[in-house]
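Here the structure is laid out as structure tokens; the discussion comes afterwards.
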């Protein structure tokens, strides 16, 4: 079991994420536009789900580990102010020191919002 | 899963999506190239901060060095999360939803897009001071039908190369596109 982390995306956080990724889509920072597209509030970016899932892996693997492959799929929209919990499990360990992991992001209702997979290269014990 | 859309709505969505589908389909396989410009430490750290990610390997030179990084590390998702590397069009040329021409210049007018995930291979170092060439290619586009109606599924492949020509990152990203009502 990979220790979980929780996140509560804020409006200013989502705006900053839009800015640094040069993502002008209004649903991420304008509630009226988000609602006109069928959402109840401004919407967390696809890539921020990915970032949250990677963070749970990197916090567990430590600063010497390297992520060599990573993928995720968004399953359900997360809105500003909603708490999500990201957790993971190790599914395979190779002799070469690579670890295959699965990660998931759930909202407070326990609904799956995103899931992902990764290959993590862990440092040798002697290094 | 079967759908129970009213016939008139189904036809309207199909017409709108069909027109965009035909335009987008013609762009499959056409590469779009851009350069990132020099990546700054501040860019990488702002991405980390905006992601609520305070991993010290992005902020602490000493810890990054003792962890085997050659300089401050870059958040792995930075390169593949940035939608646009150019200045972008003037505001008057943005669509009603704010989108400009970020998505490999694809002809997607009339369709609202949402990213649904990526598959990434991390193949080389990414650090502040580096710059990269990016080639984006629309790999595939399909029309699909789901519980909430018809939609386009686009898959865009991107490859980032450093100044030596080495591939540092490959990414396949999927987008869902729905017709604006």
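Only the coordinates and a few stated rules stand behind these numbers; no lab work does. Not measured: the values here are computed from a predicted model. With ideal geometry, Cβ positions are generated from the backbone for all residues, glycine too; neighbour counts draw on all protein chains shown.
Okay, here's what the table says:
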item: Cα-Cα P(r), segment B:50-181, percent of pairs per 10 Å interval; result: 10, 33, 32, 18, 6, 0
item: Mean Cα-pair separation over length for segment B:1-145, i.e. relative contact order, pairs under 8 Å, 6 or more apart, %; result: 44 percent
item: Neighbour-count ranking [beta-carbon atoms within 10 angstrom, fewest first] of A:125, B:95, B:40; result: A:125, B:40, B:95
item: Relative exposure of A:33, B:111, B:135, B:141, judged by other C-beta atoms within 10 Å (fewest first); result: B:135, A:33, B:141, B:111
item: For chain A: relative contact order, % (alpha-carbon pairs under 8 angstrom, 6 or more apart); result: 28 percent
item: Residue order, fewest to most beta carbons within 10 Å, for B:80, A:46; result: B:80, A:46
item: Hydrodynamic radius of the protein assembly as shown per Kirkwood, over alpha carbon pairs, in Å; result: 20.3 Å
item: Cα coordinate range in segment A:13-127, projected on the principal axes (Å, largest first); result: 55, 30, 18
